[in-house]
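**Student:** Once you've had a glance at the structure underneath, I'll fire off some questions.
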Amino acid sequence: MTTDKSALRPKTWPEGSDSALGTPLQPSVVYTTQDADALDAIYEGRADGFTYSREGHPNARSLAARIDALEGAEGGIMTGSGMGAISAVLLSQLSADDHVIGSDQLYGRSLRLITQELPRMGVEYSLVDATDAGAIEAAVKGNTKLMLVEVVANPTLRIADMEAVYRVARNRGFLVAVDNTFTTPLGYRPFEHGADIVIHSVTKLLGGHSDAMLGYVAARDERHRAELDGVIASFGQTASPYDCWTAEKGLLTFPLRYAQASANAAKLARFLDESPKVVRAVYPGLPSHPDHNRAGALLGENFGNMVSFAIEGGRETANQFARALSGVHFGPTLGDVATVVSHSASSSHRAVPEDERQKLGITQGFFRISVGIEDADFLSARFDAALSALK
Ligand SMILES: *Cc1c(COP(=O)(O)O)cnc(C)c1O
């Protein structure tokens with residue numbers, strides 16, 4: 001494939017570099033060919049290669065192949081963010097006068113995309129409680145084309161009735177797109193259960209180091225895959241080679257991180273559940289969780305790294321707790337190697353009216369923990385100290 005035509009850019013990359021143990025970073029935007037026929041062959045899929053990095057590049061393909069292997073997918077595509085993947089799904093599968101169903105506890109930006117952006121394009125929507133099979137059935141209309149659902153809701157950690165979602169979708173003929181960011185393919189593999197499309201914010205657990213902003217989307221059907229590909233290239237939702245390269249290094253340790261973070265989360269949840277200062281500990285692995293049985297059926301023992309809990313008191317007590325929590329970061333994200341605590345009322349749910357937040361149990365004293373890979377006893381000790389400091 002070498003096209004050594006230019007005096008300004010002679011090929012100097014050493015022979016044999018393809019035996020490097022680490023994946024090389026390839027930031028080139030442009031890929032040259034010998035002639036027009038060779039370019040045709042690439043565009044028509046008869047030859048392997050790249051043309052222009054908006055349409056695909058080696059680092060995206062390398063990372064997507066690794067996530068494909070985890071998800072049992074084929075031909076997954078990287079995007080510039082998790083929202084890029086979600087918007088590509090909605091933009092590629094929905095047209096004016098179509099109807100989309102979203103679960104009412106989707107990631108905040110997904111809700112805004114469905115309720116504020118899609119209506120401008122003539123797409124109707126309904127939001128439903130995805131733990132309620134009857135509500136899902138009742139929301140379906142003649143023009144329903146797709147349902148977007150997360151298995152584990154943020155930050156209430158309620159578990160969607162996925163069996164009902166797939167059953168209704170099959171009976172009524174619409175697509176199911178699963179945002180698998182929270183559950184990860186080690187907790188749940190949507191394609192094995194009936195999903196048509198799987199989405200990830202790779203920014204979170206898969207990348208794992210808060211240094212790459214990326215999304216991933218895969219479709220079961222080749223036609224949907226081609227439609228996604230077209231939208232991603234035309235709307236410019238391309239992933240950066242650098243972010244793919246660095247996230248790939250993160251992904252190599254994902255199974256180890258996930259095992260450690262999940263074990264830590266189970267321990268921390270039990271600790272919080274027993275703490276007298278905690279009014280409510282939420283973890284799908286706790287028998288007190290409202291969907292504990294469904295979580296077991298869907299996730300087995302893989303209840304994940306997310307734990308939520310509530311303390312009594314208002315914003316002042318919440319601030320006091322956040323300040324007292326030393327050695328644990330406070331910030332609005334999840335999936336990092338380090339444990340990060342967030343305050344849902346002031347971050348993900350700040351746009352939700354107070355009375356609706358109350359209904360979801362998201363009080364001012366409600367916190368979500370993205371548990372990391374620290375030593376479990378260290379974590380319990382840190383939370384214990386911060387809780388004990390509360391008046
Ligand atoms: C963060 C997140 C997204 C959006 O991903 P970005 O990479 O931040 O764009 C979508 N869904 C879920 C569940 C998330 O946690």
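Derivation of every value follows stated rules applied to the coordinates shown; laboratory data play no part. Quantities reported herein were computed from a predicted structural model and do not represent experimental measurements. Cβ coordinates were reconstructed from backbone atoms using ideal geometry, including for glycine residues, and neighbour counts include every protein chain displayed.
**Student:** Among DSSP beta bridges lying fully in the chain, give the percent that are antiparallel, nearest 5.
**Tutor:** 55 percent
**Student:** A further question on this structure: Just to confirm the filter: which trypsin sites (Lys or Arg not before Pro) across region 5-66 are DSSP coil and have at most 13 other Cβ within 10 angstrom of their Cβ?
**Tutor:** In loop regions of region 5-66 (DSSP not H, G, I, E or B), the sparsely surrounded trypsin sites (Lys or Arg not before Pro) are K5, K11, R46.
**Student:** Amide H of T144 versus every other amide H placed in the peptide plane: which residues, excluding those fewer than 5 positions away on the same chain, fall under 5 Å?
**Tutor:** Residues meeting the amide H criterion: H99.
**Student:** 5 Å is the cut-off here: which amide hydrogens, built 1.01 Å from N in the peptide plane, fall below it relative to R158, excluding neighbours closer than 5 in sequence?
**Tutor:** A153
**Student:** For a quick check of your reading of the filter: which trypsin sites (Lys or Arg not before Pro) in region 136-214 sit in a DSSP loop and have no more than 16 other Cβ atoms within 10 Å?
**Tutor:** Those satisfying the criteria are K141.
**Student:** Let me ask another. So, by mean Cβ neighbours within 10 angstrom, what's the order for 186-194, 88-96 with the highest one leading?
**Tutor:** 88-96, 186-194
**Student:** Any idea what the relative contact order of region 236-391 is, in percent, if you count C-alpha pairs under 8 Å spaced at least 6 apart?
**Tutor:** Relative CO of region 236-391 lands at 27 percent.
**Student:** Under the rule of -39500 (n - 2.57) per DSSP H run of 4 or more residues, summed and divided by the residues of the chain, what mean residue ellipticity at 222 nm is obtained, to the nearest 500 deg cm²/dmol?
**Tutor:** Calculated at 222 nm, the ellipticity per residue is -11000 deg cm²/dmol.
**Student:** Using the membrane-span-like helix rule (whole DSSP H runs, Cα extent along the own axis of at least 27 Å, mean Kyte-Doolittle hydropathy at least -1.0), which helices of the chain qualify?
**Tutor:** 254-274
**Student:** Further, regarding this structure: Across the chain, how many lysine pairs, 8 or more apart or on two chains, come within less than 22 Å at their alpha-carbon atoms?
**Tutor:** Lysine pairs meeting the criterion: 5.
**Student:** To continue, here is another question. Mind checking the dipole of region 75-171: about its Cα centre, +1 per Lys or Arg Cβ, -1 per Asp or Glu Cβ, Debye to the nearest 20?
**Tutor:** 220 debye
**Student:** How big is the dipole moment of region 11-59 about its Cα centre under a simple scheme where the beta carbon of each Lys and Arg is +1, that of each Asp and Glu is -1, and everything else is neutral? Debye, nearest 20, please.
**Tutor:** It comes to approximately 240 debye.
**Student:** Name the residues whose placed amide hydrogens come within less than 5 Å of the amide hydrogen of S103, ignoring near sequence neighbours (fewer than 5 apart) on the same chain.
**Tutor:** Sorted by chain and number, the residues that satisfy this are V128, L148, E150.
**Student:** Treating only the Cβ atoms of Lys and Arg (+1) and Asp and Glu (-1) as charged, compute the dipole magnitude of the chain about its Cα centre; round to the nearest 20 debye.
**Tutor:** 900 debye
**Student:** What list of whole percents do you get for P(r) of the chain, with Cα-Cα distances grouped in 20 Å bins up to the one holding the largest distance?
**Tutor:** Per 20 Å bin, starting at 0, the Cα pair percentages come out as 27, 53, 18, 2.
**Student:** Here's a follow-up. If you find the alpha carbon centre of region 263-284 and of region 333-391, how far apart are they in angstrom?
**Tutor:** 11 Å
**Student:** For region 203-214, what does the Karplus curve 6.51 cos²θ - 1.76 cosθ + 1.60, with θ = phi - 60°, yield as ³J(HN,Hα) per residue in whole Hz, taken in order and with x for Gly and Pro?
**Tutor:** 3, 8, 5, 5, x, x, 10, 6, 10, 9, 9, 8
**Student:** Using the charge dipole of the chain (Lys, Arg: +1 at Cβ; Asp, Glu: -1 at Cβ; taken about the Cα centre), state which of L360, Q26, L272 has its Cα farthest towards the positive end.
**Tutor:** L272
**Student:** Let me ask something else about it. What does the charge add up to near D243, with Lys and Arg as +1, Asp and Glu as -1, over the other residues with Cβ less than 15 Å from its Cβ?
**Tutor:** That works out to +3.
**Student:** If you count, for each residue, the other Cβ atoms within 10 Å and average over each peptide, how do 105-113, 212-220 line up from highest to lowest?
**Tutor:** 212-220, 105-113
**Student:** Let me ask something else. Counting only other residues whose beta carbon sits under 13 Å from that of N171, what net charge do I get with K and R as +1, D and E as -1?
**Tutor:** Taking every other residue near N171 into account, the sum is +1.
**Student:** If you add up the charges near A324, with Lys and Arg at +1 and Asp and Glu at -1, over every other residue whose beta carbon is less than 13 angstrom from its beta carbon, what do you get?
**Tutor:** +2
**Student:** Take peptides 298-308, 12-22 and line them up by average Cβ neighbours within 10 Å, highest first, as a rough protection proxy.
**Tutor:** Order by mean packing, descending: 298-308, 12-22.
**Student:** While we're on this one: Below 8 Å, C-alpha to C-alpha, sequence gap of six or more: please give me the relative contact order for region 209-303 in percent.
**Tutor:** 20 percent
**Student:** Show me the trypsin sites (Lys or Arg not before Pro) within region 348-385 that DSSP assigns to loop and that have at most 15 other Cβ atoms within 10 Å of their Cβ.
**Tutor:** R350
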